[in-house]
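Asker: There's a structure below that I have some questions on.
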Amino acid sequence: MQISTKKITVGILSSFIPALLTFTPLTASAQNDRFDNISDYAKGVIIFGTPEGEDSIVRDVELYSKFNNLENQQKIVRLNDDLSTTTYLPDQVKYYYIGKKRFQSISIRNADGSVSKIFVRRDKRPFYQDSSVPSLFEVYNSANNYNLYVRIKPNEPIIPFDQDGDNVITQYYINENKDAGGNQNIEKWLSSKPANKNNPIFMQKVIDSQNDNYLPALRFGAGVGVNINSVHITDFMNEEDNCGSQVQAAATLFVDYRSSCGLGLHVDLTFNKASCEKYVPEDKEGRTFHMIYNRTTLNLPVMLRYTFTSLKGKLLPFVQAGIQGDFFIKDECFDYRIYKQEDENDPGYYYDKYDAGKISSSLVAGAGIEYRLTAKHSIFFDLKYAIPNGPKHEKNKYTMKCNSIMFNLSANL
(Lines give C-alpha, C1' and ligand atoms only; values in the text may rest on other atoms or scores of the structure.)
Protein backbone atom coordinates (compact mmCIF):
# COMPACT_ATOMS: atom_id res chain seq x y z
CA MET A 1 0.00 0.00 0.00
CA GLN A 2 2.83 2.34 0.90
CA ILE A 3 4.69 1.50 -2.23
CA SER A 4 1.60 2.14 -4.21
CA THR A 5 1.00 5.45 -2.45
CA LYS A 6 4.54 6.64 -3.12
CA LYS A 7 4.22 5.74 -6.75
CA ILE A 8 0.98 7.64 -6.97
CA THR A 9 2.47 10.66 -5.17
CA VAL A 10 5.56 10.70 -7.36
CA GLY A 11 3.40 10.34 -10.44
CA ILE A 12 1.18 13.23 -9.47
CA LEU A 13 4.16 15.48 -8.69
CA SER A 14 5.95 14.51 -11.86
CA SER A 15 2.89 15.54 -13.82
CA PHE A 16 2.01 18.68 -11.79
CA ILE A 17 5.46 20.29 -11.54
CA PRO A 18 6.06 20.56 -15.33
CA ALA A 19 2.52 21.83 -15.73
CA LEU A 20 3.12 24.42 -13.00
CA LEU A 21 6.40 25.48 -14.58
CA THR A 22 4.65 25.81 -17.92
CA PHE A 23 1.67 27.73 -16.51
CA THR A 24 3.67 30.23 -14.46
CA PRO A 25 5.24 32.24 -17.32
CA LEU A 26 1.92 32.30 -19.13
CA THR A 27 0.28 33.86 -16.10
CA ALA A 28 3.09 36.40 -15.76
CA SER A 29 2.78 37.21 -19.43
CA ALA A 30 -0.94 37.83 -19.07
CA GLN A 31 -0.34 40.15 -16.13
CA ASN A 32 2.31 42.06 -18.07
CA ASP A 33 -0.12 42.53 -20.95
CA ARG A 34 -2.68 44.01 -18.57
CA PHE A 35 -0.09 46.35 -17.09
CA ASP A 36 1.03 47.41 -20.56
CA ASN A 37 -2.55 48.42 -21.39
CA ILE A 38 -2.56 50.90 -18.53
CA SER A 39 -0.78 53.33 -20.85
CA ASP A 40 -4.00 53.49 -22.90
CA TYR A 41 -5.80 55.12 -19.96
CA ALA A 42 -5.69 58.77 -18.93
CA LYS A 43 -6.84 60.73 -15.91
CA GLY A 44 -10.40 61.90 -16.19
CA VAL A 45 -13.60 62.93 -14.46
CA ILE A 46 -17.02 61.27 -14.54
CA ILE A 47 -20.17 63.21 -13.66
CA PHE A 48 -23.29 61.22 -12.85
CA GLY A 49 -26.75 62.74 -12.70
CA THR A 50 -28.94 61.92 -9.69
CA PRO A 51 -32.74 61.81 -9.34
CA GLU A 52 -32.49 64.73 -6.94
CA GLY A 53 -30.92 66.83 -9.70
CA GLU A 54 -27.54 67.14 -8.00
CA ASP A 55 -24.53 65.96 -9.95
CA SER A 56 -22.25 63.31 -8.45
CA ILE A 57 -18.63 63.94 -9.46
CA VAL A 58 -15.89 61.29 -9.39
CA ARG A 59 -12.43 62.75 -10.03
CA ASP A 60 -9.01 61.28 -10.87
CA VAL A 61 -10.33 58.12 -12.50
CA GLU A 62 -8.50 56.26 -15.26
CA LEU A 63 -10.55 56.37 -18.46
CA TYR A 64 -9.76 54.57 -21.71
CA SER A 65 -8.44 57.15 -24.20
CA LYS A 66 -7.82 55.11 -27.36
CA PHE A 67 -11.35 54.90 -28.70
CA ASN A 68 -12.00 56.30 -32.16
CA ASN A 69 -14.69 58.92 -32.77
CA LEU A 70 -17.47 56.40 -33.33
CA GLU A 71 -16.58 54.33 -30.24
CA ASN A 72 -16.41 57.50 -28.13
CA GLN A 73 -20.11 58.02 -28.86
CA GLN A 74 -21.08 54.57 -27.61
CA LYS A 75 -19.31 54.04 -24.28
CA ILE A 76 -16.55 54.95 -21.87
CA VAL A 77 -14.42 52.40 -19.96
CA ARG A 78 -12.99 52.97 -16.50
CA LEU A 79 -9.97 51.12 -15.11
CA ASN A 80 -10.57 50.14 -11.48
CA ASP A 81 -7.95 49.83 -8.73
CA ASP A 82 -7.88 46.03 -9.03
CA LEU A 83 -7.25 46.36 -12.81
CA SER A 84 -10.77 45.27 -13.66
CA THR A 85 -12.79 47.53 -15.96
CA THR A 86 -16.26 49.06 -15.82
CA THR A 87 -18.10 50.15 -18.95
CA TYR A 88 -20.55 53.06 -18.79
CA LEU A 89 -23.15 53.77 -21.45
CA PRO A 90 -24.54 57.23 -22.34
CA ASP A 91 -27.70 56.67 -20.28
CA GLN A 92 -25.55 56.11 -17.14
CA VAL A 93 -23.20 59.11 -17.32
CA LYS A 94 -24.08 62.79 -17.71
CA TYR A 95 -20.61 64.09 -18.66
CA TYR A 96 -17.07 62.82 -18.70
CA TYR A 97 -13.73 64.54 -19.23
CA ILE A 98 -10.43 63.17 -20.52
CA GLY A 99 -7.85 65.90 -20.20
CA LYS A 100 -9.30 68.92 -22.03
CA LYS A 101 -11.75 66.82 -24.04
CA ARG A 102 -15.31 67.00 -22.78
CA PHE A 103 -18.15 64.70 -23.69
CA GLN A 104 -21.80 64.91 -22.76
CA SER A 105 -24.64 62.45 -22.95
CA ILE A 106 -27.40 63.72 -25.20
CA SER A 107 -30.60 62.33 -26.69
CA ILE A 108 -30.70 61.76 -30.43
CA ARG A 109 -33.68 61.09 -32.66
CA ASN A 110 -32.96 58.11 -34.90
CA ALA A 111 -34.08 57.60 -38.49
CA ASP A 112 -36.90 55.27 -37.36
CA GLY A 113 -38.26 57.92 -34.98
CA SER A 114 -36.96 56.29 -31.80
CA VAL A 115 -34.86 58.22 -29.28
CA SER A 116 -31.59 56.97 -27.81
CA LYS A 117 -28.56 58.50 -26.13
CA ILE A 118 -24.98 59.00 -27.30
CA PHE A 119 -21.87 60.77 -26.08
CA VAL A 120 -20.99 63.86 -28.13
CA ARG A 121 -17.93 66.06 -27.97
CA ARG A 122 -18.65 69.46 -26.45
CA ASP A 123 -16.98 72.59 -27.73
CA LYS A 124 -15.50 75.38 -25.61
CA ARG A 125 -17.43 78.14 -27.38
CA PRO A 126 -20.02 79.77 -25.12
CA PHE A 127 -23.00 79.22 -27.40
CA TYR A 128 -22.49 75.46 -27.08
CA GLN A 129 -22.79 75.77 -23.31
CA ASP A 130 -26.05 77.71 -23.29
CA SER A 131 -28.90 75.26 -23.84
CA SER A 132 -31.19 78.06 -25.04
CA VAL A 133 -29.02 78.66 -28.10
CA PRO A 134 -29.43 76.36 -31.14
CA SER A 135 -26.29 74.23 -31.25
CA LEU A 136 -24.58 71.98 -33.76
CA PHE A 137 -23.09 68.58 -32.93
CA GLU A 138 -20.96 66.14 -34.89
CA VAL A 139 -22.50 62.64 -34.91
CA TYR A 140 -20.14 60.02 -36.37
CA ASN A 141 -21.37 57.18 -38.57
CA SER A 142 -17.84 55.79 -38.91
CA ALA A 143 -14.47 56.38 -37.28
CA ASN A 144 -13.80 59.49 -39.39
CA ASN A 145 -17.05 60.55 -41.06
CA TYR A 146 -19.80 62.48 -39.34
CA ASN A 147 -23.11 64.18 -40.02
CA LEU A 148 -24.17 67.44 -38.45
CA TYR A 149 -27.05 67.34 -35.97
CA VAL A 150 -28.76 70.31 -34.40
CA ARG A 151 -30.46 70.90 -31.04
CA ILE A 152 -33.14 73.48 -31.75
CA LYS A 153 -34.82 73.64 -28.33
CA PRO A 154 -33.52 72.90 -24.82
CA ASN A 155 -33.91 69.32 -23.55
CA GLU A 156 -35.07 68.04 -26.95
CA PRO A 157 -33.31 65.29 -28.92
CA ILE A 158 -30.86 66.45 -31.55
CA ILE A 159 -32.02 65.98 -35.13
CA PRO A 160 -30.23 65.92 -38.51
CA PHE A 161 -29.12 69.32 -39.70
CA ASP A 162 -31.39 69.90 -42.69
CA GLN A 163 -32.98 72.99 -44.19
CA ASP A 164 -35.34 73.38 -41.24
CA GLY A 165 -32.53 73.29 -38.73
CA ASP A 166 -30.51 75.70 -40.83
CA ASN A 167 -33.38 78.18 -40.95
CA VAL A 168 -33.92 77.95 -37.20
CA ILE A 169 -30.28 78.71 -36.45
CA THR A 170 -30.14 81.56 -38.95
CA GLN A 171 -33.34 83.08 -37.61
CA TYR A 172 -32.02 82.86 -34.04
CA TYR A 173 -28.97 84.94 -34.91
CA ILE A 174 -31.03 87.41 -36.95
CA ASN A 175 -33.28 87.96 -33.93
CA GLU A 176 -30.24 88.26 -31.66
CA ASN A 177 -28.79 90.86 -34.00
CA LYS A 178 -32.02 92.88 -33.79
CA ASP A 179 -32.11 92.60 -30.00
CA ALA A 180 -28.55 93.86 -29.84
CA GLY A 181 -29.45 96.88 -31.95
CA GLY A 182 -27.56 95.57 -34.97
CA ASN A 183 -27.65 97.13 -38.42
CA GLN A 184 -29.71 96.01 -41.39
CA ASN A 185 -26.68 95.08 -43.50
CA ILE A 186 -25.77 92.32 -41.05
CA GLU A 187 -29.33 91.04 -41.05
CA LYS A 188 -29.25 90.89 -44.85
CA TRP A 189 -26.00 88.94 -44.80
CA LEU A 190 -27.38 86.51 -42.25
CA SER A 191 -30.55 86.04 -44.29
CA SER A 192 -28.76 85.56 -47.61
CA LYS A 193 -26.21 83.19 -46.01
CA PRO A 194 -23.43 83.47 -48.58
CA ALA A 195 -21.21 81.66 -46.09
CA ASN A 196 -20.76 78.05 -45.11
CA LYS A 197 -24.26 77.37 -43.79
CA ASN A 198 -23.06 74.46 -41.69
CA ASN A 199 -21.20 76.60 -39.18
CA PRO A 200 -22.88 79.22 -36.97
CA ILE A 201 -19.49 80.41 -35.70
CA PHE A 202 -19.43 82.94 -38.55
CA MET A 203 -22.87 84.20 -37.62
CA GLN A 204 -21.93 84.72 -34.00
CA LYS A 205 -18.66 86.43 -34.97
CA VAL A 206 -20.55 88.85 -37.21
CA ILE A 207 -23.03 89.76 -34.47
CA ASP A 208 -20.38 90.11 -31.75
CA SER A 209 -18.20 92.37 -33.89
CA GLN A 210 -21.07 94.05 -35.80
CA ASN A 211 -18.91 93.51 -38.89
CA ASP A 212 -20.44 91.49 -41.71
CA ASN A 213 -17.12 91.37 -43.57
CA TYR A 214 -16.22 88.26 -41.59
CA LEU A 215 -18.62 86.10 -43.60
CA PRO A 216 -16.99 83.94 -46.30
CA ALA A 217 -18.52 83.68 -49.75
CA LEU A 218 -18.22 81.75 -52.99
CA ARG A 219 -18.75 84.19 -55.83
CA PHE A 220 -18.73 84.18 -59.62
CA GLY A 221 -18.43 87.23 -61.81
CA ALA A 222 -17.25 88.94 -64.98
CA GLY A 223 -15.33 92.05 -65.84
CA VAL A 224 -13.50 94.14 -68.38
CA GLY A 225 -10.05 95.57 -68.28
CA VAL A 226 -6.98 96.95 -69.96
CA ASN A 227 -3.74 95.06 -70.50
CA ILE A 228 -0.44 96.83 -71.07
CA ASN A 229 1.72 94.29 -72.89
CA SER A 230 5.45 94.74 -73.25
CA VAL A 231 7.25 92.40 -75.68
CA HIS A 232 10.91 91.66 -75.04
CA ILE A 233 12.99 90.08 -77.80
CA THR A 234 16.39 88.50 -77.21
CA ASP A 235 18.31 88.15 -80.49
CA PHE A 236 20.78 85.50 -81.54
CA MET A 237 23.62 87.62 -80.11
CA ASN A 238 21.86 87.41 -76.72
CA GLU A 239 21.07 91.12 -76.81
CA GLU A 240 17.65 92.15 -75.48
CA ASP A 241 15.43 94.60 -77.30
CA ASN A 242 12.13 96.05 -76.06
CA CYS A 243 9.45 96.45 -78.69
CA GLY A 244 7.61 98.99 -76.57
CA SER A 245 4.29 98.72 -74.79
CA GLN A 246 0.90 98.17 -76.31
CA VAL A 247 -2.50 98.72 -74.71
CA GLN A 248 -5.23 96.15 -75.39
CA ALA A 249 -8.77 95.71 -74.09
CA ALA A 250 -9.49 92.49 -72.19
CA ALA A 251 -12.49 90.54 -70.90
CA THR A 252 -12.51 88.41 -67.74
CA LEU A 253 -14.53 85.72 -65.98
CA PHE A 254 -13.69 84.83 -62.38
CA VAL A 255 -14.53 82.63 -59.42
CA ASP A 256 -13.61 83.69 -55.90
CA TYR A 257 -13.79 81.90 -52.55
CA ARG A 258 -13.05 83.89 -49.39
CA SER A 259 -12.81 82.16 -46.03
CA SER A 260 -13.81 83.72 -42.72
CA CYS A 261 -10.22 84.75 -42.00
CA GLY A 262 -9.93 86.57 -45.33
CA LEU A 263 -7.68 84.08 -47.11
CA GLY A 264 -9.14 82.57 -50.25
CA LEU A 265 -8.62 81.34 -53.79
CA HIS A 266 -9.20 83.53 -56.83
CA VAL A 267 -9.21 82.22 -60.40
CA ASP A 268 -9.51 84.40 -63.52
CA LEU A 269 -10.01 83.56 -67.19
CA THR A 270 -8.82 86.51 -69.27
CA PHE A 271 -8.78 87.06 -73.03
CA ASN A 272 -5.56 88.86 -73.96
CA LYS A 273 -4.06 89.90 -77.29
CA ALA A 274 -0.61 91.33 -77.93
CA SER A 275 1.18 92.21 -81.14
CA CYS A 276 4.48 93.84 -81.97
CA GLU A 277 6.48 94.47 -85.14
CA LYS A 278 10.05 95.69 -85.22
CA TYR A 279 11.98 96.53 -88.36
CA VAL A 280 15.69 97.39 -88.51
CA PRO A 281 16.55 98.53 -92.06
CA GLU A 282 20.29 97.84 -91.98
CA ASP A 283 22.91 97.64 -89.30
CA LYS A 284 26.61 98.42 -89.62
CA GLU A 285 27.26 94.92 -90.90
CA GLY A 286 24.66 95.29 -93.63
CA ARG A 287 22.01 93.06 -92.02
CA THR A 288 18.28 93.79 -92.19
CA PHE A 289 15.95 92.57 -89.42
CA HIS A 290 12.19 92.17 -89.43
CA MET A 291 10.59 90.68 -86.27
CA ILE A 292 6.87 90.00 -85.76
CA TYR A 293 5.12 89.09 -82.52
CA ASN A 294 1.39 88.37 -82.86
CA ARG A 295 -0.26 86.28 -80.17
CA THR A 296 -3.80 85.81 -78.81
CA THR A 297 -3.85 84.21 -75.37
CA LEU A 298 -6.22 82.90 -72.74
CA ASN A 299 -4.63 83.66 -69.35
CA LEU A 300 -5.69 81.55 -66.36
CA PRO A 301 -4.15 82.99 -63.17
CA VAL A 302 -4.75 80.86 -60.05
CA MET A 303 -3.96 83.02 -57.03
CA LEU A 304 -4.14 83.03 -53.29
CA ARG A 305 -5.95 86.21 -52.29
CA TYR A 306 -5.94 87.74 -48.82
CA THR A 307 -8.72 90.25 -48.12
CA PHE A 308 -8.52 92.44 -45.02
CA THR A 309 -11.94 91.43 -43.71
CA SER A 310 -11.27 92.72 -40.19
CA LEU A 311 -11.75 96.25 -41.50
CA LYS A 312 -15.19 97.77 -41.19
CA GLY A 313 -16.88 99.61 -43.99
CA LYS A 314 -17.49 99.07 -47.68
CA LEU A 315 -13.88 99.20 -48.90
CA LEU A 316 -11.81 96.04 -48.42
CA PRO A 317 -8.24 95.97 -49.82
CA PHE A 318 -6.64 92.70 -50.87
CA VAL A 319 -3.32 91.29 -52.10
CA GLN A 320 -2.85 88.25 -54.32
CA ALA A 321 -0.15 86.08 -55.88
CA GLY A 322 0.05 82.82 -57.77
CA ILE A 323 0.87 81.15 -61.08
CA GLN A 324 -0.74 81.79 -64.45
CA GLY A 325 -1.35 79.35 -67.26
CA ASP A 326 -1.03 80.89 -70.74
CA PHE A 327 -2.92 79.11 -73.52
CA PHE A 328 -2.07 80.37 -77.03
CA ILE A 329 -5.10 80.52 -79.32
CA LYS A 330 -3.14 82.28 -82.04
CA ASP A 331 0.64 82.20 -82.20
CA GLU A 332 2.48 84.03 -85.00
CA CYS A 333 6.00 84.97 -84.00
CA PHE A 334 8.53 85.30 -86.84
CA ASP A 335 12.07 86.50 -87.37
CA TYR A 336 13.35 87.48 -90.84
CA ARG A 337 17.03 88.34 -91.36
CA ILE A 338 18.64 89.48 -94.63
CA TYR A 339 22.41 89.74 -94.83
CA LYS A 340 25.23 89.79 -97.41
CA GLN A 341 25.88 86.55 -99.28
CA GLU A 342 29.08 84.83 -98.23
CA ASP A 343 29.20 82.32 -101.12
CA GLU A 344 27.10 81.26 -104.05
CA ASN A 345 25.35 78.56 -102.00
CA ASP A 346 24.29 81.05 -99.34
CA PRO A 347 20.74 82.37 -100.03
CA GLY A 348 21.49 85.60 -98.22
CA TYR A 349 18.56 85.47 -95.83
CA TYR A 350 17.44 83.63 -92.72
CA TYR A 351 13.91 82.83 -91.59
CA ASP A 352 12.89 81.45 -88.21
CA LYS A 353 9.47 80.87 -86.63
CA TYR A 354 9.52 81.25 -82.88
CA ASP A 355 7.47 78.37 -81.49
CA ALA A 356 6.81 78.31 -77.74
CA GLY A 357 4.24 75.53 -77.98
CA LYS A 358 0.58 75.88 -77.12
CA ILE A 359 0.94 76.35 -73.36
CA SER A 360 3.28 78.40 -71.23
CA SER A 361 3.21 79.78 -67.68
CA SER A 362 3.84 83.02 -65.85
CA LEU A 363 4.30 84.22 -62.30
CA VAL A 364 1.61 86.69 -61.31
CA ALA A 365 1.07 89.00 -58.33
CA GLY A 366 -1.00 92.04 -57.58
CA ALA A 367 -3.34 93.96 -55.31
CA GLY A 368 -6.74 95.56 -55.42
CA ILE A 369 -9.78 96.72 -53.55
CA GLU A 370 -13.32 95.40 -53.14
CA TYR A 371 -16.24 97.79 -52.84
CA ARG A 372 -19.34 96.19 -51.33
CA LEU A 373 -22.54 97.37 -53.01
CA THR A 374 -25.05 95.17 -51.17
CA ALA A 375 -25.07 92.13 -48.93
CA LYS A 376 -24.52 89.90 -51.95
CA HIS A 377 -22.77 92.04 -54.55
CA SER A 378 -19.41 93.76 -54.80
CA ILE A 379 -17.26 95.56 -57.35
CA PHE A 380 -13.58 94.60 -57.62
CA PHE A 381 -10.73 96.67 -59.00
CA ASP A 382 -7.40 94.91 -59.16
CA LEU A 383 -3.95 95.25 -60.67
CA LYS A 384 -1.88 92.22 -61.70
CA TYR A 385 1.64 91.91 -63.09
CA ALA A 386 2.57 88.74 -64.98
CA ILE A 387 6.13 87.68 -65.87
CA PRO A 388 6.35 84.71 -68.28
CA ASN A 389 8.62 81.79 -67.47
CA GLY A 390 9.06 80.78 -71.12
CA PRO A 391 11.92 78.81 -72.73
CA LYS A 392 15.52 79.82 -72.16
CA HIS A 393 17.43 81.59 -74.89
CA GLU A 394 19.26 79.32 -77.33
CA LYS A 395 22.21 80.10 -79.54
CA ASN A 396 21.28 81.37 -83.01
CA LYS A 397 17.66 81.70 -81.87
CA TYR A 398 15.36 84.56 -81.03
CA THR A 399 13.22 84.42 -77.90
CA MET A 400 10.12 86.53 -77.46
CA LYS A 401 8.41 87.13 -74.12
CA CYS A 402 5.47 89.35 -73.22
CA ASN A 403 5.19 90.91 -69.75
CA SER A 404 1.70 92.14 -68.90
CA ILE A 405 0.29 94.71 -66.50
CA MET A 406 -3.44 94.01 -66.17
CA PHE A 407 -6.00 96.48 -64.81
CA ASN A 408 -9.39 94.88 -64.29
CA LEU A 409 -12.82 96.10 -63.17
CA SER A 410 -15.29 93.31 -62.34
CA ALA A 411 -18.38 92.48 -60.33
CA ASN A 412 -19.80 89.26 -58.93
CA LEU A 413 -23.05 88.08 -60.49
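Asker: Let me cross-check LYS330: its accessible surface, 1.4 Å probe, with only protein heavy atoms counted, in Å² to the nearest 10?
Answerer: 80
Asker: Accessible surface of LEU89 in the full protein assembly, 1.4 angstrom probe, to the nearest 10 Å²?
Answerer: Answer for LEU89: close to 80 Å² accessible.
Asker: Might you work out the accessible area of HIS232 for me, using a 1.4 Å probe with all protein chains in place, and round it to the nearest 10 Å²?
Answerer: Number for this one is 40 Å².
Asker: Which distance in Å, rounded to a whole number, links the C-alpha centroids of segment 216-231 and segment 83-125?
Answerer: Segment 216-231 and segment 83-125 have Cα centres separated by 51 Å.
Asker: Can you give the extra length, in nm with one decimal, that the chain gains between THR374 and VAL45 once fully stretched, where that is 0.36 nm per residue apart less the Cα-Cα distance?
Answerer: Gain on stretching THR374 to VAL45: 113.4 nm.
Asker: Starting from the 7 Å offset along Cα-to-Cβ, what nm value, one decimal, do you get for the label separation of TYR279 and GLN210?
Answerer: Going from the TYR279 label point to the GLN210 one covers 6.9 nm.
Asker: Non-local amide H neighbours of PHE161 (under 5 Å, H modeled in plane, Pro and chain starts lacking H): which ones?
Answerer: Close amide H contacts, sequence-distant or interchain: LEU148, TYR149, VAL150.
Asker: For an R0 of 60 angstrom, estimate the FRET efficiency from the Cβ-Cβ distance between VAL319 and VAL168 and round to the nearest 0.05.
Answerer: 0.95
Asker: Given R₀ = 56 Å, FRET efficiency for LYS178-ASN69 by Cβ-Cβ distance, to 0.05?
Answerer: 0.90
Asker: Given the pairs LYS101/LYS188; LYS66/LYS100; LYS153/LYS312; LYS66/LYS94; LYS278/LYS330, which span a C-alpha to C-alpha distance of over 26 angstrom in this model?
Answerer: LYS101/LYS188; LYS153/LYS312
Asker: ILE152 to LEU263: extension gain in nm, 0.36 nm per residue of separation minus the Cα-Cα distance?
Answerer: This chain segment gains 36.8 nm when fully extended.
Asker: Based on the mean of other beta carbon atoms within 10 Å per residue, what is the order of 42-49, 262-269, most packed first? List each step's numbers first, then the result.
Answerer: Values: 42-49: 16.5, 262-269: 18.8.
Going by the mean number of other Cβ atoms within 10 Å, highest first, we get 262-269, 42-49.
The values are calculated or read from the model by the stated rules, or taken from the named source; none is laboratory data. No experiment lies behind these values; they were computed from the predicted model shown. FYI the Cβ positions are ideal-geometry reconstructions off the backbone, even for glycines, and counts take in every protein chain you see. Surface accessibility is based on the protein's heavy atoms, side chains included, excluding ligands, DNA and RNA. Shrake-Rupley method; radii C 1.70, N 1.55, O 1.52, S 1.80 Å.
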